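Student: This is the structure I want to talk about, given as structure tokens.
The values are calculated or read from the model by the stated rules, or taken from the named source; none is laboratory data. Predicted model only: the values in this text are computed from it and were never measured. We place every Cβ from the backbone using ideal geometry, glycine too, and count neighbours over all the protein chains shown.
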Amino acid sequence: MNTEKLNFTVPSKTKMFSFILMGIGLLSIILMFVMDKGNEELHYHAHTRAWSNVFAGSFFFMALSLAAAFFLGLQYAAEAGWATTIKRVIEAVTAYLPWGIAFMLLIFILGQLHIHHIYHWMTEGIADPNSPNYDEVIAAKIGYFGIFWWVRTILYMIGWWWFTNKLVKNSRAADALEIDTNNSYHWKNVKLSAWFMVLFAVTSSTSSWDWVMSIDTHWFSTLFGWYIFSGMWISAIVAITVLIIWLKKLGYLEFVTESTIHDMGKWMFAISFLWTYLYFSQFMLIWYSDIPEEVIYFQTRWESYKALMWTVFFVNFAFPMVMLMSRDCKRNFFFLMFIGTIIFIGHYLDVIMIVMPGTVGHAWTGLSWMEFGCFAFFLGLFIFVVTRALSKAPLMVKNHPYLDESLHHST
Amino acid sequence: MGSAVAKTKHIIHGVFNDEVPLLEACKKLRASGIRIKDVFSPMPIHGIDGVIGVPRTRIAICAFIYGITGTSLATLMMWYMMISDWPNDIGGKPNWAYYLNVPAFIPITFESTVFCAAHGMALTYFLRCWLVPGAKAKNPDPRTTDDKFLILLELTDEQAKKAEEILKSNGAEEVNHKGSYIVPAAYTLEEAH
């Protein structure tokens, strides 16, 4: 094995590329804020779409790195051996988590300062019967929001960050040892992961209610948490797969077998179905029961976001189903990368479709450069942070009890 | 093309203690042009099909066909029951065209697809391996259900000698001769390489 290729250095081209993306993104974010004017007739505040785009970008990449942390913990908790060779790539994706959290926090604080109007319930006097902003339905729910909401938000952020940080730190600490006879760091991580799974199971649902579902404050869906979770999970899997293939193309990760990548392809296929299952279940139950306060959610989407709704459904469901069904496709690197990229954009559009109808509403004029520009900024930042994290540790883990199994992984 | 003459085939069992030397022996046998009849093992060995020259399974194609059959059957059934024969008004849902009511039909379509694909695959597998009620076990040596690994060979005189050497030099615990049979001249042509 080529020992030089065990340590990753960020190619200058990649750095350049991420800076160009961030530059284009920043420029379009500024332009977006300048050009996004209000519309009194449609009850549309100025800059709402711009803020919603920033929110979508922050949330998508934060959720993605969180799901990567979950995926990492899952391998530990299940004591799965196959993914040991790609563990460093998963760890690198989780490195974006603090950035994502920081962006989310910034958006929440600005919302609380009434600089943007993403959250209806943050409006001043929403629970005050004498205020012109009074909303009876939200007033009944206000105990769940306000201070309690902030406490939860801070707890999620601290909890996720603490666990992720600890998992990665332990993994790096095992590298420093000459030999780890009791696999002490591994077992520490197994225990940690078990607790993280519990935390994640609860908070992935509650955080998506708090942060995403509360955009449509009047509306609720018990399936919503899982729907968001499956979306972030598939995005994380795509990001990890694309990174692995890219590293392989650069000559790194020679020790990752074709079967490991085949397995990532299976994950991509399976979680695309999980997403479809949850998306459709939520839609079908609401369509079937036909209760006005629930149906309104899909009515807005059906009336003003129809093209986006169908695009998201077909790109994220039919496309991976047909393209990833056969074994040969899942073992073809070019194919996986191509499909992964398209699904990745598809799930970003999914987040756009989740956010926009609740904020922009019927003032939506279709996808535009604003969405893509904002996406470019966050993608650039993500690439920059993740590739830098990759270069911080050797690509091959040391002192992991399942390393040998993973090196010989074949399906 | 070889000439059509009757041949004697020897049945040889190469017994191993572990799958690693077995796989090595299989590779060597195949490299010297010997066809492996079958391998028996107490547990599944990943990737052995490629090593002993078993062609890729076509069960995935079967599964696809069974699945599509399930989809079509379910669609036909629901269209006939719910739209064509006796349109029911359920919760005020449109019932005069299939496509208008399609969200309600998706779960059944999905279940039927999975049902047909899974059962079709299982039945195909049982029939193809002839695992039918009352079928006799085809295991040549019962120890392979416990802790032994076995390569089954059916070879001509000169090949048998070569194979024996390869088996022994690659760590076979035993090389057992289990008799021989004669292949009539009419059948030998197609086997000639």
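Student: When you scan the range B:109-126, do you find a residue that is without any contact (Cβ under 8 Å) to a residue 60 or more places away in the chain, touching a Ser or Thr at 6+ places or on another chain (Cβ under 7 Å) and more than 20 Å from B:I59 (Cβ to Cβ), even just one?
Tutor: Checked against the condition, which is being without any contact (Cβ under 8 Å) to a residue 60 or more places away in the chain, touching a Ser or Thr at 6+ places or on another chain (Cβ under 7 Å) and more than 20 Å from B:I59 (Cβ to Cβ), the range B:109-126 yields at least one hit.
Student: Residue under question is B:D38, and the condition is that it be in the same structural domain as B:S169 (by TED's automatic domain parsing) and within 30 Å of B:A118 (Cα to Cα); does it hold? Lay out the reasoning, then the answer.
Tutor: Details: in the same structural domain as B:S169 (by TED's automatic domain parsing): yes; within 30 Å of B:A118 (Cα to Cα): yes.
In short, yes.
Student: Among the residues of the range A:207-226, write down those that are within 18 Å of A:I296 (Cα to Cα) and not small (G, A, S).
Tutor: The initial filter retains those residues of the range A:207-226 that are within 18 Å of A:I296 (Cα to Cα), namely A:209, A:212-224.
Passing the criteria: A:W209, A:V212, A:M213, A:I215, A:D216, A:T217, A:H218, A:W219, A:F220, A:T222, A:L223, A:F224.
Student: Please verify whether A:T85 is of a type in the set (S, T, N, Q) and surrounded by 22 or more Cβ atoms within 10 Å (Cβ to Cβ), treating the condition exactly as stated. Don't jump to the end; show me each part of the working.
Tutor: Details: of a type in the set (S, T, N, Q): yes; surrounded by 22 or more Cβ atoms within 10 Å (Cβ to Cβ): yes.
Criteria met by A:T85.
Student: Of these, B:I36, B:I45, which one is of a type in the set (A, V, I, L, M), surrounded by 15 or more Cβ atoms within 10 Å (Cβ to Cβ) and modelled with pLDDT of 90 or more?
Tutor: Values: B:I45 fails: modelled with pLDDT of 90 or more.
It is B:I36.
Student: Also, I was wondering about something else. I'd like the full set of residues that are under 17 Å from the mean Cα position of the chain (by Cα), in a loop (DSSP other than H, G, I, E, B) and closer than 12 Å to B:F149 by Cα, limited to the range B:15-47. Don't jump to the end; show me each part of the working.
Tutor: Going residue by residue through the range B:15-47, those that are under 17 Å from the mean Cα position of the chain (by Cα) are B:36-47.
In the following step, the residues that additionally are in a loop (DSSP other than H, G, I, E, B) were identified as B:36-37, B:41-47.
Scanning the range B:15-47 gives B:S41, B:P42, B:M43, B:P44, B:I45.
Student: Mind listing whichever residues of the range B:1-23 are within 20 Å of B:E174 (Cβ to Cβ) and surrounded by fewer than 16 Cβ atoms within 10 Å (Cβ to Cβ)?
Tutor: B:N17, B:D18, B:V20
Student: Now, a different point. How about the range A:359-371: which of its residues are within 11 Å of A:V54 (Cα to Cα) and free of Cβ contacts under 8 Å to residues at least 40 places away in the same chain?
Tutor: Of all residues in the range A:359-371, those within 11 Å of A:V54 (Cα to Cα) come to A:370-371.
Within the range A:359-371, no residue meets the criteria.
Student: Which one is nearest to the other protein chains (Cβ to nearest Cβ), of the residues in the range A:309-358 that are charged (D, E, K, R) and touching a residue at least 40 places away in the same chain (Cβ under 8 Å)?
Tutor: Within the range A:309-358, the subset charged (D, E, K, R) is A:327-328, A:330-331, A:350.
Narrowing the set further to residues that are touching a residue at least 40 places away in the same chain (Cβ under 8 Å) leaves A:327, A:330-331, A:350.
Working: A:R327: 7, A:K330: 12, A:R331: 12, A:D350: 19 Å.
In this case the residue turns out to be A:R327.
Student: How many residues are charged (D, E, K, R) and closer than 21 Å to A:V198 by Cβ when one looks only at the range A:64-90?
Tutor: Looking only at the range A:64-90, we keep the residues that are charged (D, E, K, R), and these are A:79, A:87-88.
Now restrict to residues that are closer than 21 Å to A:V198 by Cβ: A:79.
Residues in the range A:64-90 being charged (D, E, K, R) and closer than 21 Å to A:V198 by Cβ: 1 in total.
Student: Could you identify the single residue in B:A25, B:A97, B:A31, B:A74 that is at pLDDT below 90 and more than 14 Å from chain A (Cβ to nearest Cβ)? Talk me through it step by step, then tell me what you get.
Tutor: Details: B:A25 fails: at pLDDT below 90; B:A31 fails: at pLDDT below 90; B:A74 fails: at pLDDT below 90.
The unique qualifying residue is B:A97.
Student: When the range A:246-288 is examined, which residues are found to be away from chain B (no Cβ under 14 Å) and crowded, with 19+ Cβ neighbours inside 10 Å?
Tutor: Passing the criteria: A:L247, A:Y252, A:L253, A:V256, A:I261, A:M264, A:G265, A:W267, A:M268, A:I271, A:S272, A:W275.
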